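S.K.: Can you read through this structure? Questions will come right after.
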Amino acid sequence: MRRLFPVTDETAARALDQHERAGEWSLAELAAAYAYPTSDDGGPRTWLRANMVSTLDGAAQHDGRSQPISCPADMRIFGTLRALADVVLVGAETVRQEGYRPARARSEFAAAREAAGQGPAPAIAVVSAGLDLDFSLPLYTSPLVPTVVLTGTDAPADRVAAAERAGARVIVAGEGRRVDPVRAVQVLAGLGYVRQLTEGGPRLLGQLVAAGVLDELCLTLSPMLTAGDAQRIAGGPGVSVPIRFALASLLEEDGFLFGRYRRP
C-alpha cells in the first residue's frame, strides 16, 4: 500500500522502502492513518464517518452485496475502522442483505481500545422503523456489547418486545414510523458512543447526508465495472445544493483507491 495524498517528506522516504512498495501496512499503521479526530482538550468528539465501496461506474453492490467489488486491502481497512469505532450504525435492509453478525473483539486492538476507554468491540446500532428483523440471530442474542435498535414512536409494540426479549436495547429516535438521523446521532452520543461509523446501506447513508450529520466519508474506489442498475453508495432524499467535502488522504493498493473526505 502506498500513500498518494497528503504528500510529505516522510511519504517520499517511504516510497523508497520495499515494505511500502510491495507489502501491506500493519494494522497499527492503518489505525494511525484512520484515527478519529479529537476535541480541543484531546478527548474524543462526536464524529460520524461512513465507510463505503463503489465501482468505477458508481455501483455500491453486485448482486445485492458489496463483497464482490471489495478486495483484501479494503477488508483490512473495514476491520480497522470497526476496531476504532464505538458503534457501527447500519440500516435494516443492509443487516438482512449482508447477514450482519455481532462485531468481534480483536486481540490486535485490545490494548488500544482499553486505553481509549472503549469496550472489547463496537456496538451495532440497527436503524429500523418497522422492526422487521429476525431477533433470533446472534446479532441480537449473543453480541459482546448489546445491539442497539433505533426506531420511531410508532414501532409495533410486539416487535419492540421481541427485540428486548432477545437482549437488544430499543431506543426511540424519531416520530411516527421513521428514525430522525439527527436524533440517532445524538442518542448514540448520549450513550457514550461518540466515535461513530456507518456502513450504510445506500438508503441510510442518503438520509444521513441529507440531514447534514455526516462528518467523513471513507470511500474505496474499486477498479471494476458492473453496468446494470445497482444502487449508488447513497440514495433517497437529495440535497438542494451539493455538499462539498475536502480530500483528507488517499491510499492505493492493487489499483484500488482508498480516500477519506471530510466536511470542511
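S.K.: Being modelled with pLDDT of 95 or more, open to solvent by less than 20 Å² (accessible area, probe 1.4 Å) and assigned to a helix (DSSP H, G or I) is true for just one of L89, L81, L48. Which residue is that?
M.R.: L81
S.K.: Applying the selection to region 92-124, what residues are farther than 20 Å from A60 by Cβ and assigned to a helix (DSSP H, G or I)?
M.R.: Within region 92-124, S107, E108, F109, A110, A111, A112, R113, E114, A115 qualify.
S.K.: Restricting region 184-228 to residues that are part of a loop (DSSP other than H, G, I, E, B) and of a type in the set (D, E, K, R), which is farthest from S128 (Cα to Cα)?
M.R.: Residue satisfying both the conditions and the ranking: D215.
S.K.: Going by the structure shown, is R104 open to solvent by less than 50 Å² (accessible area, probe 1.4 Å) and basic (K, R)?
M.R.: Considered against the rule, which asks whether it is open to solvent by less than 50 Å² (accessible area, probe 1.4 Å) and basic (K, R), R104 comes out as no.
S.K.: Something else now. When you check R203 against the structure, is it under 20 Å from G64 (Cβ atoms), under 14 Å from the mean Cα position of the chain (by Cα) and open to solvent by 50 Å² or more (accessible area, probe 1.4 Å), yes or no?
M.R.: The answer is yes for R203.
S.K.: So, in region 233-264, how many residues would count as being within 28 Å of A189 (Cβ to Cβ), of a type outside the set (A, V, I, L, M, F, W, C) and either open to solvent by 60 Å² or more (accessible area, probe 1.4 Å) or at pLDDT below 95 (or both)?
M.R.: Summing the residues that are within 28 Å of A189 (Cβ to Cβ), of a type outside the set (A, V, I, L, M, F, W, C) and either open to solvent by 60 Å² or more (accessible area, probe 1.4 Å) or at pLDDT below 95 (or both) in region 233-264 gives 11.
S.K.: If I filter region 146-162 down to residues being under 21 Å from E93 (Cβ atoms) and touching a Lys or Arg at 6+ places or on another chain (Cβ under 8 Å), which single residue comes out as surrounded by the fewest Cβ atoms within 10 Å (Cβ to Cβ)?
M.R.: D154
The values are calculated or read from the model by the stated rules, or taken from the named source; none is laboratory data. Because the structure is a prediction, the values reported are computed rather than measured. Glycine also receives a Cβ, built like all others from the backbone with ideal geometry; neighbour counts cover every protein chain displayed. Ligands, DNA and RNA are excluded from the accessible area calculation, which covers all protein heavy atoms including side chains. Shrake-Rupley method; radii C 1.70, N 1.55, O 1.52, S 1.80 Å.
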